[in-house]
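Structure record follows, encoded as structure tokens.
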Amino acid sequence: MVNNTQDKQGVSTGIKILARYTTAGGIISILISLLSLAALLGTPSFTLLFSFNAVISGIGGILYIAGTLFILKTHKLGWWIVFVSSFYQIGISIIRLLLYTDLQSRISIAIGLAIQVAILWYLSRQSVKNIFGVTLQLSYFFLVNLCVLTLILPLVNLPPWFSPPEWGKSIAFRVLFSLVLVLLSFLMLGQNREEIFKRVKQRFSSAKPALLLLGGLFLAFLLASLFSFDINYSLWGNPVRGGGSVTFLSLIAASFLVFVFFSQKHWKYAWYVALTTAFLVSLVAIFQWQGWFPNFLKSKEIRPSSTLGNDIQLGIFLILSLFPVLVFFFKEKIGLKKVLYLAAFFLFAFVILLTGSRGAYLGTLLGFSYFILLYPVKKLWHSLGLKLLFFLLMLVPAFAVYYANTHDTMPEFVRKNTTLYSIAGRLQLKQFITEEPRFSTWKVGWEAIKARPLFGYGPENFAVAFDKHYDPQLPNIQYRPQSPNSWWDRAHNILIDIGAQAGIPALLLYLSLLGTLFWLLQKIKHGENALLSHGLQATLVAYIGSLLFGFDNFSTLLAFFFLVAYILHVASKEPENQEPKTARDLQSFVKIPVLAGITLLMLLFNWQYSWKPLFVNAHVYIGKVLAEQNLCNQSFSRMEKALKKGTTFIDAYVRTTYFDALRNCQTAASETLELAQKGRVLLKQAAQAWPYHTRIWIFLGQVTTIVVERDEELTPKEREATVKEAHRYFERAGELSPKHQEIYLAWTKLYMVAKDYEGMLKKTEECVAIDPRTGECWFLKGLAYEFLGNYKEFRLNKKLALSLGYDADKDFYALSNLLQAYGEAKDIGGIIETYEKLITLRPSPQFYASLAFAYRESREYAKAREAALKVLELDPTTKAEVEAFLKTLP
């Protein structure tokens, strides 16, 4: 134990030095911040580097000055702030060294870093006992409160940093959790480790079965990641979903730490934070629904998603707070908090209704059925009364479902109300059962589970499993132009998702964990714990019910593992020692270097796997938005900046998003050589990072086909090599997904460009064999016959394609291919007919000009003159060319 007199002497000795250094350092940092902001305001465009420098300098200055003030007033908190801010400034200086590239800046930063390290070392030597001793309790305090702070993350959505929403939240969580681990290391170094081990042992023995299963789930997902098809993708996922097993495993570890270190007092405040977050998330959904604050929030009159970015996840997230807040309402005495709990309950329920998520509807129904029908009451008439109440309450949704499924049209007041009409559509069960593609996706997922039952295909790799076992003959997932039904990266069923991604052992551990938590609650379901245990059981029932038609994201997983830790707390005994005691033997000179090393590792890890990807993705997001607004040059500039930021685990995502931006910006001529050449480079790099993503290989084959077709500078030998290269890409795609017809449709185009019409016919026959219901396969088969001179077979196959719902006359690309066939056959009538159809789809001057020349060749001079004048009307700059053409007409 550290002597209190020594503590006071340590503070008195260091107070003048600290006040001098921290005040000076704070003022300098704030001045740098103001200068950086002034530079920022003086620039015409947003500069990430300046804003970053301004923010960190300002934070550092505030920390240093706050440390001085608190030292003068309270000593303990001031010591903590100064100690932490010193490490903060050192860490920021290291990041600056990585950010700045010019030598002058790096030298000045290095000098400042050396001074900061020297100051920290000097202060540590002056009063090493004080720094460790008086901050031990504060370390515990901040460890607990950082865990509580993570509960507000579902509310955070700040573009471009937190976009996609779950991506930024998972990054922020990993940073906060790394700080928790540093503080835990400080506790382990700064006190008798037996105290922590004793606390862990007490906690473990009180909830041993559930903790063993939680650890088993951790191990199962870790092994599934290590044996994954794509380890990198399993570990980190991609920004679109914001997942990855690193985040998932960190959530499991965080739930264990929360269970070990949280006391009853901590849980009380944690629930306040969690419910307040859910309340604010719900309010944002209401604002979206009503169209309020359109400058800040995206209006969504139908199925708002709030800050979670997805209506399905919003419903699941609120379910995890719905029943706990109802329990707190019943347990609370009359007062303001009781009113607030009731208001929150009705708000959560209403927003769940607005989401239109059938999974959330099912989960809520199952949860309420369990909560009311099995409510723990002793008197029979109370039980009967609750059951009667339940059936009366169910009359309204039952009638709504009955009416929606037995009437072709809704009442007028429903049709006029967009929200009610949308909800009514979600209640149509017949349409859901017959047209929902999820059921076929589950069959594909089951085949994937059978193929790799032990470790699955790896976390985040459901798309790999789906593509491998995809069968277009299953209902509602067959290939359709412009439809995403044939591409799934989630099963929308938690059982299939876990089984396919992590294997059957992980699935059994997950279900066993849920069952054990339910059983632990059942064991204490008596006396004053009865209502709380019952409400938590209802939450588990509702959660698993909602996931039968949905899937988790970061926010829902955060809420779930918070609930897991709370259930373990409720079902176990409180440990004897609530907080760690003061340290022993704190003067050891080993502790500071060890803690500094751990902190440095944390900073480097967060820089490479958190901050740097965050900065890169900010550029990508801005570029993506600019492309959607057709500001293509600005978009490409942003994407290029992202590419220059260096290697990160989202390299493939950056390149595929850049490729999407290129395609969006080339709507009028989507097969230009420029797009193909740039896209080819980007996709080659993306394929190296994500080698199991089928669509990357398909796109790579397509852009290489365009290069073969359009690049006139290729020598015959180079052209032959490029054709072989494109074939390799399609072959790789076919290996990853043998039955995806999109591969064969794109592959057919390569054979056509290479003028291998026998190969084209063979490939279309393979396409037809996979699923004879796909009309486009039949049309391309007919087109192959047209190239081979068999006009009769062409007409027959084109007619068959039309009978299957594929109208080539309304497909620009089909008409373009047909035009090529007519051109090689020198069929002037077919050329004219095709151009007449093309100008109805895209009335461009080029097409009218070609049509005018075709009319002239067929001696239809009046139509040729009319088409030429249309060219002049659409493009007045062609006046000289049009007049010259008109002079050639008789």
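General observations
- Subset tally (residues that are touching a Pro at 6+ places or on another chain (Cβ under 9 Å), part of a helix (DSSP H, G or I) and more than 27 Å from P160 (Cα to Cα)) for the stretch 227-260: 1
- Of the residues examined, G535 is not one that is at pLDDT below 90 and over 24 Å from the mean Cα position of the chain (by Cα).
- Residue match in the stretch 643-660 (condition: within 29 Å of E712 (Cβ to Cβ) and either of a type in the set (G, A, S) or in contact with a Cys (Cβ under 7 Å, 6 or more places away or on another chain) (or both)): no
- Every residue from the stretch 412-441 that is over 30 Å from W488 (Cβ atoms) and either loosely packed, with under 12 Cβ neighbours inside 10 Å or in contact (Cβ under 8 Å) with a residue 24 or more places away in the chain (or both): E412, F413, K416
- Some residue of the stretch 514-524 being within 15 Å of D552 (Cβ to Cβ) and modelled with pLDDT of 95 or more: yes
- Qualifying residue in the stretch 300-309 (condition: of a type in the set (A, V, I, L, M, F, W, C) and touching a residue at least 24 places away in the same chain (Cβ under 8 Å)): yes
- Subset of the stretch 716-729 [in contact (Cβ under 8 Å) with a residue 12 or more places away in the chain and surrounded by fewer than 18 Cβ atoms within 10 Å (Cβ to Cβ)]: E725
- Restricting E793, E742 to residues that are under 27 Å from T657 (Cβ atoms), modelled with pLDDT under 95, surrounded by 16 or more Cβ atoms within 10 Å (Cβ to Cβ) and not small (G, A, S) narrows the list to E742.
- Only listed residue being closer than 20 Å to K749 by Cβ, surrounded by fewer than 17 Cβ atoms within 10 Å (Cβ to Cβ), in contact with a helix residue (DSSP H, G or I) (Cβ under 7 Å, 6 or more places away or on another chain) and of a type in the set (A, V, I, L, M), chosen from L841, L815: L841
- Against the conditions (1) without any contact (Cβ under 8 Å) to a residue 40 or more places away in the chain; (2) within 20 Å of P165 (Cα to Cα), K337 satisfies every one except (2).
- Selection from the stretch 172-190 of residues that are under 16 Å from S255 (Cα atoms), of a type outside the set (G, A, S) and out of contact with any Ser or Thr (no Cβ under 6 Å at 6 or more places or on another chain): L179, V180, L181, L184
- Residue among E709, E713 that is charged (D, E, K, R) and surrounded by fewer than 17 Cβ atoms within 10 Å (Cβ to Cβ): E713
- Applying the set (1) in a helix (DSSP H, G or I); (2) modelled with pLDDT of 90 or more; (3) not hydrophobic (A, V, I, L, M, F, W, C) to R490 leaves exactly one unmet item: (1).
- Close pairs from the stretch 399-410: first free of Cβ contacts under 8 Å to residues at least 40 places away in the same chain, partner outside any helix (DSSP H, G or I) and of a type in the set (S, T, N, Q), Cβ under 7 Å, at least 6 apart: A404/Q428; N405/Q428
- Filter result for the condition that a residue is in a helix (DSSP H, G or I), over 17 Å from S816 (Cα atoms), within 37 Å of the chain's Cα centre (by Cα) and charged (D, E, K, R), over K763, K799, K749: K763
- Those residues of the stretch 484-514 which are of a type in the set (F, W, Y) and farther than 21 Å from T694 by Cα, in sequence order: Y510
- Residue in the stretch 861-879 that is hydroxyl-bearing (S, T, Y) and part of a loop (DSSP other than H, G, I, E, B) present: no
- Check on A424, over 22 Å from L362 (Cβ atoms) and touching a helix residue (DSSP H, G or I) at 6+ places or on another chain (Cβ under 7 Å): no
- For the stretch 261-276, the set of residues classified as crowded, with 18+ Cβ neighbours inside 10 Å and part of a loop (DSSP other than H, G, I, E, B) consists of F262 only.
The values are calculated or read from the model by the stated rules, or taken from the named source; none is laboratory data. The shown structure was predicted, so the numbers you read here are calculated from the model rather than taken from an experiment. Note: ideal-geometry Cβ built from the backbone for every residue, glycine included; neighbour counts use all protein chains shown.
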